[in-house]
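Chemist: Questions regarding the structure given below will be posed in turn.
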Amino acid sequence: MPITDQARERLVADAQAIIARYPVPRSALLPMLHLVQSEEGYVSPDGIAFCAQMLDLTTAEVAAVATFYTQYKRHPNGTYTVGVCTNTLCAIMGGDEIFTALEEHLGIGHDETTADGAITLEKVECNAACDYAPVMMVNWEFFDNQTPGTAREVVDRLRSGEAVAPTRGASKVCSFKEVSRVLAGFDDGRADEGVGAGTASARGTALARQKGWTAPAAGSGTTPSSDGKEG
């Protein structure tokens, strides 16, 4: 669907705000792609043309970037992107089993969307949350220590329209369009909500404080040994 005149007016104003952050306009391309995605739910040909026009780039240059990064969707995305980590640790802890369970439960495969437009299912690479494996993300909010049963429950609640809270982070999961706007650099006022680093993530810091371990001074050429002494 072409970008409407009303939508274009909004996009131009927001794009100008994004471009003003950078000394070189083309540096604004990544957030600009998130911006058009926040309007249409994916990066459409019209969205690519809009970015090219605003940044004085060719559509080929914009498309090359949009097709490189997996966060930019080239076809309509669901309201919620459910990404199951199937990298090594999550996979052996149950990530593969979770993904298979969701495929069967939702009737879709990787990068496919349910008929109601609610859920897009993805296999994703490491979510940098190995201490909570297996991990699932919904619009890049963490759902830790998942099982096939809890994963099915999460997607069912999302499809029913319930407000669903992630394990860590914001107090509820927002829509794909909303999070795309945040990734474009527009504050939604929710950065300080919820739990940040959980107990498992902070365990190393707590242990270091308990045992009095400190890092060597920069440039000292020494490394701390297992008993906390430098060697």
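Chemist: For the range 64-92, enumerate the residues that are of a type in the set (A, V, I, L, M) and surrounded by fewer than 19 Cβ atoms within 10 Å (Cβ to Cβ).
Modeler: Here is the first cut: in the range 64-92, the residues of a type in the set (A, V, I, L, M) are 64-66, 82, 84, 89, 91-92.
Across the range 64-92, the qualifying residues are Ala64, Val65, Leu89, Ala91, Ile92.
Chemist: Still on this structure, please answer the following. Would you confirm whether any residue within the range 205-228 is within 30 Å of Ile18 (Cα to Cα) and modelled with pLDDT of 80 or more?
Modeler: no
Chemist: Can you pull out every residue in the range 98-123 that is buried (at least 17 other Cβ atoms within 10 Å of the Cβ) and out of contact with any His (no Cβ under 7 Å at 6 or more places or on another chain)?
Modeler: Here is the first cut: in the range 98-123, the ones buried (at least 17 other Cβ atoms within 10 Å of the Cβ) are 98-99, 101-102, 106, 108, 113-114, 118-123.
Scanning the range 98-123 gives Ile98, Phe99, Ala101, Leu102, Leu106, Ile108, Thr113, Thr114, Ala118, Ile119, Thr120.
Chemist: Taking interchain pairs and intrachain pairs at least six residues apart, which have beta carbon atoms under 9 angstrom, with the first residue in the range 197-223 and under 30 Å from Ala170 (Cβ atoms) and the second modelled with pLDDT of 80 or more and open to solvent by 90 Å² or more (accessible area, probe 1.4 Å)?
Modeler: Close Cβ pairs satisfying both conditions: Leu207/Trp213; Ala208/Thr214.
Chemist: What are the pairs with Cβ atoms under 7 angstrom where one residue, in the range 169-181, is farther than 15 Å from Leu158 by Cα and the other, located anywhere, is open to solvent by 30 Å² or more (accessible area, probe 1.4 Å) and of a type in the set (Lys, Arg)? Sequence gap at least six, or different chains.
Modeler: The qualifying pairs are Ala170/Arg190.
Chemist: Let me ask something else about it. Looking at Val24, is it at pLDDT 95 or above, more than 22 Å from Asn127 (Cα to Cα), surrounded by fewer than 17 Cβ atoms within 10 Å (Cβ to Cβ) and not small (Gly, Ala, Ser)?
Modeler: Values: at pLDDT 95 or above: yes; more than 22 Å from Asn127 (Cα to Cα): yes; surrounded by fewer than 17 Cβ atoms within 10 Å (Cβ to Cβ): yes; not small (Gly, Ala, Ser): yes.
So Val24 fits the description; yes.
Chemist: Among (1) loosely packed, with under 12 Cβ neighbours inside 10 Å; (2) at pLDDT below 95, which single condition is Ser160 missing?
Modeler: (2)
Chemist: Name the residue that is modelled with the lowest pLDDT, counting only residues in the range 169-183 that are open to solvent by 30 Å² or more (accessible area, probe 1.4 Å) and not hydroxyl-bearing (Ser, Thr, Tyr).
Modeler: Start the filter on the range 169-183 by keeping residues that are open to solvent by 30 Å² or more (accessible area, probe 1.4 Å), which leaves 171-172, 177-178, 181-183.
If we keep only those that are not hydroxyl-bearing (Ser, Thr, Tyr) as well, we get 172, 177-178, 181-183.
Working: Lys172: 92, Lys177: 97, Glu178: 96, Arg181: 96, Val182: 96, Leu183: 96.
In this case the residue turns out to be Lys172.
Chemist: Given the options Phe186, Phe142, name the one that is open to solvent by less than 60 Å² (accessible area, probe 1.4 Å), aromatic (Phe, Trp, Tyr) and under 26 Å from Arg21 (Cα atoms). Explain how you work it out, then say what you get.
Modeler: Working: Phe142 fails: under 26 Å from Arg21 (Cα atoms).
None of the others qualify; the one that does is Phe186.
Chemist: Could you check the range 86-120 and list, in sequence order, the residues that are touching a residue at least 24 places away in the same chain (Cβ under 8 Å), among the charged types (D, E, K, R) and within 13 Å of Met136 (Cβ to Cβ)?
Modeler: Across the range 86-120, the qualifying residue is only Glu97.
The values are calculated or read from the model by the stated rules, or taken from the named source; none is laboratory data. Model, not experiment: these values are computed from the prediction. So basically every Cβ, Gly included, is an ideal-geometry build from the backbone, and we count neighbours across all protein chains shown. Quick note on the areas: whole protein, heavy atoms, side chains included, nothing else; ligands and nucleic acids left out. Shrake-Rupley method; radii C 1.70, N 1.55, O 1.52, S 1.80 Å.
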